[in-house]
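Presented below is the structure to which this report refers.
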Amino acid sequence: MLEQQLIEMRRHLHLNPELSHEEFETTKSIRGWLEEAEIKIVDYSLATGIIAEVGGHQGGPIIAIRADIDALPIQEETGLSYASLIPGKMHACGHDFHTSAIVGTALLLKQKEHELKGTVRFIFQPAEEKAQGANLVIQSGALEGVQAIFGMHNKPDLPVGTIGIKSGALMAAADGFVVEVNGVGTHAAVPEAGVDPIVTASYIVTALQSIVSRNVSSLQSAVVSVTRIHSGTSWNVISDKAILDGTIRTFDEGVRSRVLERFKQVVDGVAAAYGTTASVKVVAGPPSVHNDSSLEQLTIDAAHSVGLEVIAVAPSPAGEDFAFYQKEIPGFFVFMGTSGPREWHHPSFDIDERALPLSAQYFANLAERAIQQLLITD
Ligand code: NI
C-alpha cells in the first residue's frame, strides 16, 4: 500500500539525515526506490541529488516537480521512535517528507506512464538549506526543455487535508549582511584617546529599525534583523572593530533594492557621525518565490480532485531557493498542510504522515493537468 511504503521511506530518511552537499546516502536511497519501480534515471552529473523521468511521449511538453532532500545541523528532540541516528543532524524542515512524497508521485505516474502525453521530470535537489542546490541543478542543464515547474513546502500550521495556494509572492527574498565597523582601540578608562566601535554599532542597530518603519510603505513589508554582534576581548579594553550580521527579507524587488540602498546609507551615515568607518557586505540570497498566476487554476483543480481543501495563505518571510527556478521558467510553489506541533527548524519539528499519500496523489494529478494545459496552449 502506497501510504505504508511512503511512511517507511520517510522514516528511513528521517533516521539518516544528511546536511547540504553531503546527501550521498540519501541520493542512493532515492535511486534505489526509483530503480525498483523501473523509473528512468537521467544523468545530469550532480554530486548529490538525482533527476528522474516518467513519460517521454515524443514531442510532448516537459514539466518538472522538485523536492529538496537535505537536513539541518540541529539536535533532534522529538523523542520519536525513528528520531535521527546522527547526533547534531535532523530533518527539522521536513525535506524527508518532501522527498518521500515526490517519490510517491513518481510511483503513481509510473503506473500510468503510457497514458501521459508528455514527460514529468523529477528533480531531487540537494543543498536547499544553503540556497545553493537549485543553481547547481540549473547549471547541470536539468531545467532545459522544462516548460513549468512545481514544488511544495510542508506547513506545520495548516491542518492535514488542506493546501495553501497563492499567486504572486509566496516566500521572501532572503539576503544576508555583514557590517564591519572600524574604530580606534584604547584603554576603557580613556575612551577619548580612541574611537569606540561598540557605541557606533549600537547606534547602527537602532537606526536600522527606521528602514522598515520609515522607508517601506505600510502596504508592503520587509524585515531587517541584526542577529549577531561581535566585538571586544576584555572588560577594560575598547576594541578597534565591531562586526554585525543578520538578514533582510522582502517580497518585492523594488522594496528589496530600496531597503538595501537605505541600509548602506544608514550604516555609512551613523558610522561617520561617530568618527568610525564601516563597510557593508551584502550576501545576496534567493529572490522571492513568485508564483505564476497562469498556473494557479491548475493547482486549485488538482487540490479539489484529490480532496484537499484550498486555503488562501499569507506569504511567509522565510526564503526558498525554488525561487531560482522561477527566474528561469514559470513555476508554482504550494504549502502542504502537515499539522505539525512546531515551526520549521525547531528541534521538536514533526509532520503528520497522513499528508504523504495526499501529497503524492496531489502532484500526480497536478502533473497530468499541467501537461494537458501545455498541450492546449502550445
Ligand atoms: Ni525547508
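Rounded to the nearest 20, the size of the Cβ-charge dipole of region 173-283 about its Cα centre is 260 debye, with Lys and Arg at +1 and Asp and Glu at -1.
Using a 1.4 angstrom probe on heavy atoms only, work out the carbon and sulfur share of the accessible area of the chain in %.
52 percent
If you run the Gaussian network model on the chain, springs between alpha carbon atoms under 10 Å, then out of Ile198, Ile123, Ile62 the most flexible one is Ile198. Using just its DSSP H runs of length 4 or more, each adding -39500 (n - 2.57), the chain gives a mean residue ellipticity at 222 nm of -11000 deg cm²/dmol after division by all residues.
With every protein chain kept in place and ligands, DNA and RNA left out, what is the accessible area per residue of the chain? Probe 1.4 Å, answer in Å².
43 Å²
Relative contact order of the chain: 24 percent, from C-alpha pairs under 8 Å at least 6 residues apart in sequence. Based on Cα contacts under 8 Å between residues 6+ apart, region 173-283 shows a relative contact order of 43 percent.
Report the calculated FRET efficiency for Ile300 and Ala272 (r = Cβ-Cβ distance, R0 = 45 Å), to the nearest 0.05. The value I calculate is 0.25.
Taken about its Cα centre, the chain carries a charge dipole of about 640 debye when Lys and Arg each add +1 at the Cβ and Asp and Glu each add -1 at the Cβ.
In this simple spin-label approximation, Glu192 and Glu3 carry label points 7 Å from Cα along the Cα→Cβ vector, and these lie 7.8 nm apart. Simple point charges give the picture: +1 on the Cβ of Lys and Arg, -1 on the Cβ of Asp and Glu, and for region 58-152 a dipole about the Cα centre of about 340 debye. The distance between label points at Glu309 and Ile376 comes to 2.8 nm (points 7 Å beyond Cα on the Cα→Cβ vector). Close amide H partners of Met90, meaning residues 5 or more places away or on another chain with modelled amide H under 5 Å apart, are Leu72, Ile74.
Just going by the charge dipole of the chain, with Lys and Arg at +1 and Asp and Glu at -1 on Cβ, which of Met152, Val178, Ala193 is farthest out on the positive end? So the residue we want is Ala193. Across region 253-268, rounded Karplus estimates of 3J(HN,Hα) from the backbone phi angles (6.51 cos²θ - 1.76 cosθ + 1.60, θ = phi - 60°) give 4, x, 5, 4, 6, 5, 5, 5, 5, 5, 4, 5, 4, 5, 4, 4 Hz, Gly and Pro being marked x. Calculate how large, on average over all directions, the projected area of the Cα convex hull of the chain is; give the answer in nm² to one decimal. Taking the Cα atoms of the chain, their convex hull projects to 20.5 nm² on average. The C-alpha atoms of the chain define a longest principal axis, and helix 355-377 lies at about 80 degrees to it. Sequence-ordered 3J(HN,Hα) estimates for region 148-163 from the Karplus curve with 6.51, -1.76 and 1.60 and θ = phi - 60° stand at 7, 10, 10, x, 8, 10, 4, 9, x, 8, 9, x, 4, x, 10, 9 Hz, glycine and proline given as x.
The Stokes-Einstein estimate for region 199-353, based on a Kirkwood radius over Cα pairs and taken at 20 °C with 1.002 mPa s viscosity, is a diffusion coefficient of 113 µm²/s.
Each residue of region 204-219 is assigned a 3J(HN,Hα), and the resulting list reads 4, 4, 5, 5, 4, 5, 6, 5, 5, 7, 10, 10, 10, 4, 5, 8 Hz, derived from the Karplus form 6.51 cos²θ - 1.76 cosθ + 1.60 (θ = phi - 60°), x at Gly and Pro.
The values are calculated or read from the model by the stated rules, or taken from the named source; none is laboratory data. Quantities reported herein were computed from a predicted structural model and do not represent experimental measurements. Glycine gets a Cβ as well: all are built from the backbone with ideal geometry, and neighbour counts include every protein chain shown. These accessible areas exclude ligands, DNA and RNA; they are computed on the full protein's heavy atoms, side chains included. Shrake-Rupley method; radii C 1.70, N 1.55, O 1.52, S 1.80 Å.
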